[in-house]
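The values are calculated or read from the model by the stated rules, or taken from the named source; none is laboratory data. Predicted model only: the values in this text are computed from it and were never measured. When we count neighbours, we look across all protein chains shown, and the Cβ atoms used for this are built from the backbone with ideal geometry, even at glycine.
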Amino acid sequence: MKTEYNRSGWILAVATAWLLCSAAAVAEPRVLEWEEMIPAGWPPDDLFDDLDVDLDMLEDDDPRAQELFARVEEVWDSAPMVEELDGQSIRLAGYAIPLEGDGRNVTSFLLVPYFGACIHVPPPPRNQTVLVEMTEGNTARIERAFATVWVTGEMKIDAGKTELATTGYTIHSTQVAPYQQQMDDWGLE
């Protein structure tokens, strides 16, 4: 009887350990890189093939520059998403641009891959502009525009438009933390 009890206890302990390890593996979000949000083959290579002008020589008020900007904006606003990201638990680093909140309690913000995006024309394509919405009861502390943060949450493909940019992804975030660069054993990124 004692052997049977020990065997049952051992099996229960192994099963519990396996379940705990499985739950931890499922709960760990995927660290996502910005390049992974762009489908293969995009942007189109031929976007500017028909231009017969030196872009560096165009003035802002040149009609050809305005035409080019309109074309870029149209392509950026219809940029495709990576369907496999929909519903994934992810962790993504980027620059935050608060939309709703007071700095101490931000509930909605844009996340972009580089400093200055959305205040320069044109903004990034929609597959490089993420709307972050904090889940109910959570807020983010973002005290200044373009603070560098890690965002953790569920990625959804969800086209939207704000005053600053068109977005293609939404992250329903449970956690926002200041960005800390990962260093290797030699002190390098």
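Among the numbered conditions (1) under 22 Å from Asp86 (Cβ atoms); (2) of a type outside the set (A, V, I, L, M, F, W, C); (3) at pLDDT below 95, the only one that Gly168 does not meet is (3).
The C-beta contact set for region 40-68 (first residue assigned to a loop (DSSP other than H, G, I, E, B), second residue modelled with pLDDT of 85 or more and aromatic (Phe, Trp, Tyr), distance under 9 angstrom, 6+ apart or interchain) comprises Pro43/Trp76. Within region 42-63, restricting attention to residues that are hydrophobic (A, V, I, L, M, F, W, C) and surrounded by 10 or more Cβ atoms within 10 Å (Cβ to Cβ), which residue is modelled with the highest pLDDT? If we take residues in region 42-63 being hydrophobic (A, V, I, L, M, F, W, C) and surrounded by 10 or more Cβ atoms within 10 Å (Cβ to Cβ), then Trp42 is modelled with the highest pLDDT. Apart from one condition, Gly153 fits all of (1) out of contact with any strand residue (DSSP E or B) (no Cβ under 6 Å at 6 or more places or on another chain); (2) of a type in the set (Gly, Ala, Ser); (3) farther than 16 Å from Glu73 by Cβ; the exception is (1).
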